[in-house]
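Since the structure comes first, as structure tokens, the remarks are kept for the end.
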Amino acid sequence: MDEMHRQPEAGSEAAGGQAAQGGQPQTGPAPRSQAQAGPDTGSAADAAKAADGSHKPKRHRRPLKAVLNRKTVERLVVSMQRGANDAAVVEIRSGHLAKGPIVNAVGQLLYRVGTQTEYLLLNLGRALRRLSAGLRHFLASLLGALGGPMLRFAAGMVRDITAPWRRLASGLRNVHAAARAESQRGGRGSRAGLAYFARGVRAYRHLITAALGWLLPVGAACLFAFTAHTMLANGFSLQVEYQGHVLGFVASESVWENAAGIVRGRIIATGEEEQWDPQPQFTIRPVNIAARSSATQLADDIIATSGEQIQNATGLYAGSNNEVLLGVTTDGPALQEYLNGLLEPYLQPDNPNHQVEFAQQLHLEPGVYFTSSVTDLDTVLANLNANPFYMQVQTTDLEEYDEAIPIEELVQESDEYYEGTRRVIQRGQEGLQHVTALVTRLDGVEIGRSVQSAAVLTEMVPQITVVGTRERYNNFAANSGQVGTGTWSFPVPDYTSYSTYGGHRGYDFQAPYGSPIYACEAGTVIQATDHWSWGNYVLIDHHNGLYSLYGHCSQLFVSAGQEVARGQLIGAVGMTGTATGNHLHLEVWTDPSGARWCLANPLDFVTPP
């Protein structure tokens, strides 16, 4: 702080020394003084012009860019330098604004701000201490002005109230002394004591009056407070009496109406036209508020005392919406136990996916019923057993199992075959899937199965059947005789196995010797003879573009030109021709030439059973 006050003096001395050198450039604060002289001279001229009224002063606002120019910054930095940094001042005047003077200026600014802040806080603290001292003095003066009279008032009141008791204690001691002295003189001590007490009462009755002057108002105030508290705590309530019984206390009749509404809401209608219209009696009574009954409590009390009209009971219903009432009884637990016994044989406690319930949703409904509809338990059970339909038990199980996927038949039309011809070009195969299903049973008998999910384990292969669409000519139809319908039957019902091998013309169906052979389809026998390889064989034209051949027969029962129907006996199984065992050799042709190119797979037309 001392250096900061001495800085202008050092600057003044520097300015004076340079002025004595006669015209040398000044580097100290002198240029700032010259800059200040300019505005003073200009202000005097403006004042003179304003005095003679020839010129009105105008204020010109300098732009921020003009204010914060290099010279202004230099003046600010120079003004913030301390006296020990004259070299920095010279450096700034030489036209170089170095980093050192700027840092020094910023340090001076912060120093001044800190000093002024400290000074401000010290003054603020002193002001607060003076304010606190003044407030304490004010409170002490106020307490002294009011406390003294109040203390004297309280002391006088205590003195007036306790004076009779103090005087009474002193008088009792004197009465005892007077009685004892009279007794010593041979007189009656008690009489002398009473006389002394009476004189004391007459002499100090003004003390009693003064004490009563304080005690009576205080007593009256206490009595008023007690009365008010009792009235507010208890108040007046309505005593509710119904059918000769006091049900409780309520704040108003609206509580009774609400309770009656609750009871009406609890009453379960059973079809009777009976009405419930209670008529209570009300009496005003002073009762503690805590003893009042709520509407719900009062409703329970009403039901408990209304046994002649309504009472708590349990109804046995069937249906989700209580469509059928089977009976009402007061022995609800016993009725529930009977129903549980009907469900028990179907329970599976260890199976979380097993559910048991009554199919007709038999259930109990506890509530308030009219007494006229309530019967004993035996009557309700008799009514239930008379309607076994309501006792049916339904179970629901979530089951998992594997099942076959049935073969799907795909029909394709083709003009390669005559109308009525059906040829299987791809035999179907059943698939396999893992199924999760919801199975419903009624009294143990399945009545429904709902598949929840299915995962295919083996894909199903569809069966593809070709249906002929080629139109037959009229003369062909007239001369063809038995025409195949397109539906083939199996020729050897007594077969034991069947097989084929590469290059074989058809299928071999092994069967015992002499087993009957039937025509697969209706048609005309065009050959019934023997062959070196087929042995005894039959060739049938079905008049739909297909031909069937039956070889290795032991006997033939038809002849060429004969019309045969589907399933007609045409021969017997044997091993004639080139054969190693008893079997039927079956071929299917699509051309009467019998060439290999016209051979068809017999299993596309017949299916072994």
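The values are calculated or read from the model by the stated rules, or taken from the named source; none is laboratory data. All values derive from a computational prediction rather than experimental measurement. A quick note on method: Cβ atoms are made from the backbone with ideal geometry, for glycine too, and the neighbour counts reach across all protein chains shown. Side chains are part of the model used for accessible areas, which takes the heavy atoms of the whole protein and leaves out ligands, DNA and RNA. Shrake-Rupley method; radii C 1.70, N 1.55, O 1.52, S 1.80 Å.
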Problem set entry | the stretch 236-269 and the stretch 311-332: distance between their alpha carbon centers, rounded to Å | 26
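What is the gain in length, in nm to one decimal, between LEU215 and THR500 on full extension, counting 0.36 nm per residue of separation less the C-alpha to C-alpha distance?
Length difference between fully extended and current span is 89.1 nm.
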For this session: Could you do me a favour and compute the accessible area per residue for the stretch 478-609, 1.4 Å probe, result in Å²?
Result: 41
Exercise. What does the highest-first list of 291-302, 540-551, 524-535 look like by mean Cβ count within 10 Å?
Worked result: 540-551, 291-302, 524-535
For this session: Would you work out what percent of the accessible area of the stretch 168-319, with all protein chains in place, is carbon or sulfur (probe 1.4 Å)?
Result: 59
Exercise. Alpha carbon centre of the stretch 500-525 versus the stretch 406-475: separation in Å?
Worked result: 27
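Between ASP277 and LEU342, what FRET efficiency follows from the Cβ-Cβ distance if R0 is 45 Å, with the result rounded to 0.05?
On the way: r = 40 Å, r/R0 = 0.89.
For R0 = 45 Å, the calculated efficiency reads 0.65.
Subtract the Cα-Cα distance of SER450 and LEU603 from 0.36 nm times their separation in residues, and report this length gain in nm to one decimal. Could you put the intermediate results ahead of the total?
Values: separation 153, 0.36 × 153 = 55.08 nm, distance 3.63 nm.
Extra length available between SER450 and LEU603 comes to 51.4 nm.
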Problem set entry | Calculated SAXS-style log₁₀ I(q)/I(0) at q = 0.13, 0.14, 0.17, 0.18 Å⁻¹ - the stretch 100-255, Debye, Cα scatterers | -0.92, -0.96, -1.10, -1.14
Exercise. Given Cα pairs under 8 Å that are at least 6 residues apart, what percent is the relative contact order of the stretch 270-385?
Worked result: 33
For this session: Using label points projected 7 Å from each Cα along Cα→Cβ, tell me how many nm separate LEU442 and GLU400, to one decimal.
Result: 3.0
